[in-house]
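The structure under discussion appears below in the form of structure tokens.
Please treat every number below as a calculation from the coordinates, not as lab data. Predicted, not measured: the structure shown is a model, and the values here were computed from it. Counting neighbours? That spans all protein chains shown, and the Cβs are built from the backbone with ideal geometry, glycine included.
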Amino acid sequence: MQEKELSDIFKKEYSNLVAVLCHYYGVHDVQLAEDLVSETFVRAMRSWSHSGIPDSPKAWLRKVAQNKLKDHYRRQKTFDSKILPAVDESDRLAPAVEITDEIIEDSQLRMIFVVCDPALGGESQICLALRILCGFNIDEIATALLSNKEAINKKLYRAKKAIKSWEQFETSLSREAYAGRLDSVLRVIYLLFSEGYYSSVNEESIRHDICCYAMRLGVFLTRHEVFPKPKIHALLALMCFHASRLDARSSGNNGDILYDQQDRSLWNTELIQKGETYLNRAAQGEIVSKYHIEAAIAYWHTVSDEGKWERILQLYNKLLILEYSPIIALNRTYALAKANSVEEAIREAQKLALEDSHHYHCLLAELYRMNGERDRERGYLASALELAIKKSEKELIRNKLELAERCMSDKNSGD
Amino acid sequence: MMLFHSEPNPDFNPTPEQIQAEMKRWQDWMGSIGAQGKLKSPGEGLGYQGKTMHADGSITDGPYAEVKEIIGGFIIVSAEGVDEAIQLAIGCPALGNGGKVEVRDIMDYESMAAEG
């Protein structure tokens, strides 16, 4: 078995097992569940390095986790009822612990809704989701979120403490309560996906994993009757369209390749088709959520017809009328240049008041490049370079800057 | 709040292309305000039907009282003051159709109560 496969199993089973243990033990003690699962993994590592990986590592892990939980129950009972002399008494009291696919589904669903509690705040939700739903270790989370181990540990600690006080989750949530939290869950999945898609950390595998896990959670939600489907399908469509370009996007050695320069043969047509299917399903019903609009934009990006830019511009307009976001505002301005005129886009860009963002300077540089004003392009690239923090982004800007300078010197020597 | 005044022209029968172009102008303009993070509410467009109730209880046809101008719609923007808001009105399609944009401040009762 490949190392990668094995780490996938660990990641996936981590979230499965933590969810199931919480199902039996209660979500108020996520830490306990995590400890038991970690012990299970340590056990696996020791045992497997002697005897090799078993035929069904999943079943092995589940069995061991099951026993760990049983042991824990027994110890807990003993401790709780010290005055009772008979240990076997408490043995009989230990509930039957079962780990089946069905129970995993139930517990995972519950776990998703625990993690996505709106009271937690965005960053904590993402940290917890990566840890508990995606099985990432602290190092990986720190890398993914451009943070350090200590900060992530602190965040996780605080978040888990907050969960501890949610006794109401012990009694199972009603159908309505689940459905009512759906928006918050979708937001976390969306953020999770964006984190994977846009973050330019060097480790490609982590980014792909995050995107995959976000999509897995989305697919998972579609399997449950309780939820109204259109928004879930719209979000899935959006993720499929974006994911179809992941390979093309990350095929550069120095940072991301942006849309215009991507090699289209690297786009994943299967995912594009899936996205179309989900988008069609999302159209059932009356709701037009921001996921619908964003999915439609992502769809148009897969089309090579030039007339698409007017559609994309109108969709961005709609999105911004619905809700402001700086990134959407910048993207809209680019679409404006393509659909209306570069001059108009430059005028509009200057109204955005996003001077602190390097994306803003990159956008203006690009607009001036389209307008043939290489000296201005260079000026904006230089300020973008100062503002950018991520190494890969700096690299990308530096490359553009060199190109702009070369063009200028060619022009000058030609004069 | 921006109020869009216009004079209804009963003889104007726009072609689908004209309607489309007019819609695009409005969407682009509102999208621009949205892109600046200053659109608080996209408001509503108003139709031409309406009646007016007068103080004496009489009812007249039409939304317009004495002037022939009517209010065609409104949006709410967030701005530091009326001056900033009026700058946002630049490019408003209502102006292109011989209409006017009226900017009014919205009273903030909560902060008034807090102040005094």
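Within 10 Å of each candidate Cβ there may be at most 11 other Cβ atoms; applying that plus a DSSP loop requirement, which GluC sites (Glu not before Pro) in segment B:66-116 survive?
Working: sites: B:GLU66, B:GLU69, B:GLU80, B:GLU84, B:GLU102, B:GLU110, B:GLU115; in loops: B:GLU66, B:GLU69, B:GLU80.
Of the GluC sites (Glu not before Pro), the ones in loops of segment B:66-116 whose Cβ has at most 11 other Cβ atoms within 10 Å are B:GLU66, B:GLU80.
Rounded to the nearest Å, what's the spacing between the alpha carbon centres of segment B:66-116 and segment A:293-371? Just the number, please.
Rounded to whole Å, the Cα centres lie 26 Å apart.
What area, in nm² and to one decimal, does the C-alpha convex hull of the protein assembly as shown cast on average over all directions? Each step should come with its number before you reach the end.
Numbers: hull surface 150.9 nm².
Its Cα hull, projected and averaged over all orientations, spans 37.7 nm².
Amide H to amide H under 5 Å from B:GLY72: which residues, 5+ apart in sequence or cross-chain, H placed 1.01 Å off N in plane?
B:PHE4, B:HIS5, B:SER6
I need the shape label for chain B. Rule: rounded when a/c is under 1.5, else prolate if a/b > b/c, else oblate, with a, b, c from the alpha carbon gyration tensor. Please report the intermediate quantities before stating the final value.
Working: a/c = 2.48, a/b = 1.12, b/c = 2.22.
Oblate.
What do you get for chymotrypsin sites (Phe, Trp or Tyr not before Pro) in segment B:3-77 restricted to DSSP loop and a cutoff of at most 11 other Cβ within 10 Å of the site's Cβ? Provide the component values of the computation, followed by the final result.
Details: sites: B:PHE4, B:PHE12, B:TRP26, B:TRP29, B:TYR48, B:TYR64, B:PHE74; in loops: B:PHE12, B:TYR48, B:TYR64.
Within segment B:3-77, the qualifying chymotrypsin sites (Phe, Trp or Tyr not before Pro) (loop, at most 11 other Cβ atoms within 10 Å) are B:PHE12, B:TYR48.
Toward the positive end of the charge dipole of the protein assembly as shown, about the Cα centre and with charges on Cβ (Lys, Arg +1; Asp, Glu -1), which of B:GLY37, A:PHE193, A:ILE99 goes farthest?
The Cα lying farthest towards the positive end belongs to A:ILE99.
Determine the calculated [θ] at 222 nm for chain B from helices alone, applying -39500 (n - 2.57) to every DSSP H run no shorter than 4 residues and normalising by the residue count; nearest 500 deg cm²/dmol. Walk me through the numbers before you get to the answer.
Details: 4 runs with 38 residues, N = 116.
The helix contribution divided over chain B gives -9500 deg cm²/dmol.
Provide Rg and Dmax in Å for segment A:260-400, with only Cα atoms included in the calculation.
For segment A:260-400, the Cα radius of gyration and maximum Cα-Cα distance read 16.6, 51 Å.
Only sites in a loop by DSSP and with at most 11 other Cβ atoms within 10 Å count here; which GluC sites (Glu not before Pro) in segment B:8-50 make the cut? Show your work: numbers first, answer last.
On the way: sites: B:GLU17, B:GLU22, B:GLU44; in loops: none.
Sparse-neighbourhood loop GluC sites (Glu not before Pro): none present.
Any of A:LYS351/B:LYS38; A:LYS11/A:LYS58; A:LYS70/A:LYS164; A:LYS11/A:LYS290 with alpha carbons more than 20 Å apart? Name them for me.
Numbers: A:LYS351/B:LYS38 11 Å; A:LYS11/A:LYS58 11 Å; A:LYS70/A:LYS164 22 Å; A:LYS11/A:LYS290 31 Å.
Distance filter (> 20 Å) returns A:LYS70/A:LYS164; A:LYS11/A:LYS290.
Round to a whole angstrom and tell me the spacing of the C-alpha centers of segment B:10-62 and segment A:380-395.
A separation of 44 Å, based on Cα centres.
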